[in-house]
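Visitor: Sharing a structure with you now.
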Amino acid sequence: MQTERLQIAGMLKRDDKHGRLKDARQRHYRTAKEAAEALGSPYGTYSGHESGSRGFSNEEAARYARFFRVRLDWLLFGTGSSQEMKLKPLLGKIERGGVVSPIDNIFENPNQQFVIIESIIAEAACAYAIMSHDMIPWYNWGYLLVCGYRQSDHFDINQKLVIVSIKNENTRLAIANIDESSGLFDLECFGYPNIKRAEIEWAEEVLAIIPNRNLWSLSSGSTPKPALSMVE
């Protein structure tokens with residue numbers, strides 16, 4: 001009997017998305033009313049979602065997860081990390097051969113594009129999105145590459161995956177290997193001839209690679225929405 005009670009309690013805890021919604025809200029807003037106003041939602045509807053007197057759909061849960069910067073799987077099911085996420089700028093897209101280019105022809109308002117990244121990636125500074133099927137089998141279309149702060153001298157990138165700006169070349173995603181004789185770097189490119197003794201202007205180390213189901217876009221003054229389509 002005691003075992004059954006413990007099992008039931010565990011199920012309730014896992015299924016309590018209303019309680020997790022309240023927990024996520026309290027990290028940003030003192031009251032449910034303040035959160036409802038910020039969301040542009042009727043207070044009665046939102047407070048009901050928190051209290052459990054009203055159910056909420058997966059679409060509404062996704063909106064809340066993005067707004068309060070928590071993982072959707074945690075909010076819905078209590079799985080994964082409950083840590084708050086961070087907003088970081090999405091600086092570019094990565095296409096065939098690992099070539100990096102601006103995102104201004106993808107989004108309506110490129111200057112307001114951000115992605116939500118888990119706080120455990122402490123040194124995260126920015127991100128880039130894979131936008132080419134030609135990067136398969138290395139990376140799927142839509143994958144997010146989270147990068148550290150830009151290095152402009154004394155490059156600590158040997159044998160690391162990096163975004164690099166190369167003199168007289170395109171900015172690229174590559175693996176850097178130092179050439180001991182010259183002190184320059186040889187770059188292993190993806191589906192593109194390697195570049196020997198590249199003169200690097202700046203570099204950003206890739207810290208994490210996140211599947212596109214965790215990639216979100218936030219546009220100023222609008223409801224957060226998925227930035228990229230899901231590709232299995």
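Visitor: Counting just the residues of the range 39-62 that are in contact with a helix residue (DSSP H, G or I) (Cβ under 9 Å, 6 or more places away or on another chain) and assigned to a loop (DSSP other than H, G, I, E, B), which one comes out surrounded by the most Cβ atoms within 10 Å (Cβ to Cβ)?
Guide: Per the stated criteria, the residue is 56.
Visitor: Something else: How many residues are loosely packed, with under 15 Cβ neighbours inside 10 Å and either at pLDDT 50 or above or part of a helix (DSSP H, G or I) (or both) if we restrict to the range 1-35? First the steps, then the outcome.
Guide: Within the range 1-35, the first condition is being loosely packed, with under 15 Cβ neighbours inside 10 Å, and the residues that meet it are 1-16, 26-28, 30-31, 33-34.
Okay, now just the ones that are also either at pLDDT 50 or above or part of a helix (DSSP H, G or I) (or both), so 2-16, 26-28, 30-31, 33-34.
Within the range 1-35, residues that are loosely packed, with under 15 Cβ neighbours inside 10 Å and either at pLDDT 50 or above or part of a helix (DSSP H, G or I) (or both) number 22.
Visitor: Note down all Cβ pairs under 7 Å where the first residue falls in the range 74-93 and is in contact (Cβ under 8 Å) with a residue 40 or more places away in the chain, the second is part of a loop (DSSP other than H, G, I, E, B) and of a type in the set (S, T, N, Q), and they're at least six residues apart or on different chains.
Guide: Within 7 Å, the pairs are 74/81; 74/82; 84/119; 90/113.
Visitor: While we're here: Looking only at the range 92-114, which residues are in a helix (DSSP H, G or I) and either at pLDDT 70 or above or touching a Pro at 6+ places or on another chain (Cβ under 6 Å) (or both)? Please lay out each step first, then the result.
Guide: Our first condition is that a residue be in a helix (DSSP H, G or I); within the range 92-114, this holds for 96-98, 110-112.
Passing the criteria: 96, 97, 98.
Visitor: Kindly establish whether residue 209 is at pLDDT below 90, of a type outside the set (Asp, Glu) and part of a strand (DSSP E or B).
Guide: Yes, satisfied.
The values are calculated or read from the model by the stated rules, or taken from the named source; none is laboratory data. In this text, all values refer to a predicted model and were calculated from it rather than measured experimentally. So basically every Cβ, Gly included, is an ideal-geometry build from the backbone, and we count neighbours across all protein chains shown.
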